[in-house]
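The values are calculated or read from the model by the stated rules, or taken from the named source; none is laboratory data. Everything quoted here is computed from the prediction, not taken from an experiment. Every residue, glycine as well, gets a Cβ built from its backbone with ideal geometry; the counts of neighbours run over all protein chains shown.
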Amino acid sequence: MKCSAILIFSFLALVSVGASAQANSSQGIVTLSHNLFHPHWIASNQLAVWIEDARGAFVKTIFATDFMARRKGYIRRPQSCPEWVKASGLASLSDASIDAVSGATQKPGPIELSWNCTDANGKAVAPGVYTYKVESNISWEKRVLWEGENEVRSKPYTSFATPTYIPDSARTAGTILTEVRANFQPLP
């Protein structure tokens, strides 16, 4: 009897762990891509990429430049990607959380980043529409914010982002990003 109870308990524990792992598994992969240029001006080349849900709530940071994030350059230069700094709650994040998403300034050329359709806690997001944002400083307070929507669903989906220049005079300050897009590929 004890042996049967142990076997049943063990089986239920395994089923529970399997169901939990399945609930946390990703819906697919979103590949975020853009072409990056390096202006050779002071206070440029800071970049952040993140995801928000359909309500505009922050979901996850995909990438942020090391100077701005890990080395806290956003404090010395508050013009460094302020939309992302606010949305991500950067000031309250742990060092480990910041280290997980920050990296060296990317080299010019085509860039691809991946989002595994999980939130900042590693839990799978629900199917639906998500906004991807790419913010970059052209020079000091002149920046560009690219925004696009991508759908996490059962079929592949491709979308293209549109830029907003902040302030509007940033439009003529130089090019730092072009061809920002996202491709969702569901898992088989």
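General observations
- Residue ID - modelled with the lowest pLDDT, chosen from residues in segment 7-26 that are part of a loop (DSSP other than H, G, I, E, B) and out of contact with any Lys or Arg (no Cβ under 8 Å at 6 or more places or on another chain): SER25
- Count - residues of segment 55-89 that are farther than 21 Å from VAL125 by Cβ, surrounded by 14 or more Cβ atoms within 10 Å (Cβ to Cβ) and not basic (Lys, Arg): 12
- Boolean, VAL144 is hydrophobic (A, V, I, L, M, F, W, C) and within 17 Å of ALA87 (Cβ to Cβ): yes
- Any hit, segment 158-176, residues being at pLDDT 95 or above, out of contact with any Leu (no Cβ under 9 Å at 6 or more places or on another chain) and among the β-branched types (Val, Ile, Thr): yes
- Residue in segment 106-129 that is touching a His at 6+ places or on another chain (Cβ under 6 Å) and surrounded by 15 or more Cβ atoms within 10 Å (Cβ to Cβ) present: yes
- Residue check, ALA87 farther than 21 Å from PRO163 by Cα and of a type in the set (Gly, Ala, Ser): no
- Lone unmet requirement of (1) touching a strand residue (DSSP E or B) at 6+ places or on another chain (Cβ under 9 Å); (2) among the hydrophobic types (A, V, I, L, M, F, W, C); (3) more than 18 Å from VAL134 (Cβ to Cβ) for ALA91: (1)
Quick grid of which residues meet (1) part of a helix (DSSP H, G or I); (2) more than 17 Å from the chain's Cα centre (by Cα):
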{"site": "ILE98", "(1), (2)": "yes, no"}
{"site": "ILE111", "(1), (2)": "no, no"}
{"site": "TYR132", "(1), (2)": "no, no"}
{"site": "SER136", "(1), (2)": "no, no"}
{"site": "THR164", "(1), (2)": "no, yes"}
{"site": "SER169", "(1), (2)": "yes, yes"}
{"site": "THR175", "(1), (2)": "no, yes"}
{"site": "ALA182", "(1), (2)": "no, no"}
